[in-house]
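Encoded as structure tokens, the structure appears first; notes follow it.
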Amino acid sequence: MDTETSKGFWTRDIISNGIKNKWRKKEAILYRNIDSALRTSSLFSPCPANAFTEVAFMNYFQRPADTNGDSIQVHQQDAQVANEVFRAVVHAISPDIVIFCSSLAYRNAKKFEVPNFLNLRNVLCGHVPHAGMPWWNRVAKKYGGRTGKQVFADFIEQKVLLELKRTA
């Protein structure tokens, strides 16, 4: 595989390079914003040098957008492959929570009943706007006057509270 054309598609490499470079590159804003939001949660307090060492992260769609920086134009095959891979990953790692950090990904996941699939496995499921876009930091009525980052952090806190109730 040609390294130049596949460079932006290897999430593991993007995250490891981002951790090494402390998310300094402009294209790392998505990961930098998620890392920052994770750190605001008591679940990650005290937090290691990088919150990504404590979570699993994957791109829902299994190919990059046709144009760097644009949203993916989702074709039927993209949606089907995303659904199959996502379900396989959930089976493999058995997460406690899943947060879709993209409205586009969440809308497509709903078409395949992914929230129901997660609910049947007692996995909390939420969604927020894309962490690399301006609305991550914009207050929205649909989020009760909160930003995407606040909704993300609140969702993590909800998991913490559920765990506390479970152990009490």
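The values are calculated or read from the model by the stated rules, or taken from the named source; none is laboratory data. What you see is a predicted model; the values in this text were computed from it and never measured. Side chains included, ligands, DNA and RNA excluded: accessible areas come from the protein's heavy atoms. Shrake-Rupley method; radii C 1.70, N 1.55, O 1.52, S 1.80 Å.
What to note about this one:
- Tally of residues being at pLDDT below 75, over 16 Å from the mean Cα position of the chain (by Cα) and not acidic (Asp, Glu) across segment 2-21: 5
- Selected residue (criterion: farthest from Asn59 (Cα to Cα)) from residues of segment 130-143 that are open to solvent by 70 Å² or more (accessible area, probe 1.4 Å) and assigned to a loop (DSSP other than H, G, I, E, B): Val139
- The residues of segment 109-129 that are open to solvent by 10 Å² or more (accessible area, probe 1.4 Å) and more than 19 Å from Ser41 (Cα to Cα), listed by number, are Lys110, Lys111, Phe112, Glu113, Pro115, Asn116, Phe117, Asn119, Leu120, Arg121, Asn122.
Results for (1) open to solvent by 30 Å² or more (accessible area, probe 1.4 Å); (2) over 15 Å from the mean Cα position of the chain (by Cα); (3) at pLDDT 90 or above, shown as yes or no for each residue.
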| residue | (1), (2), (3) |
| --- | --- |
| Asn59 | yes, no, no |
| Gln73 | yes, yes, no |
| Val89 | yes, no, yes |
| Ile97 | yes, no, no |
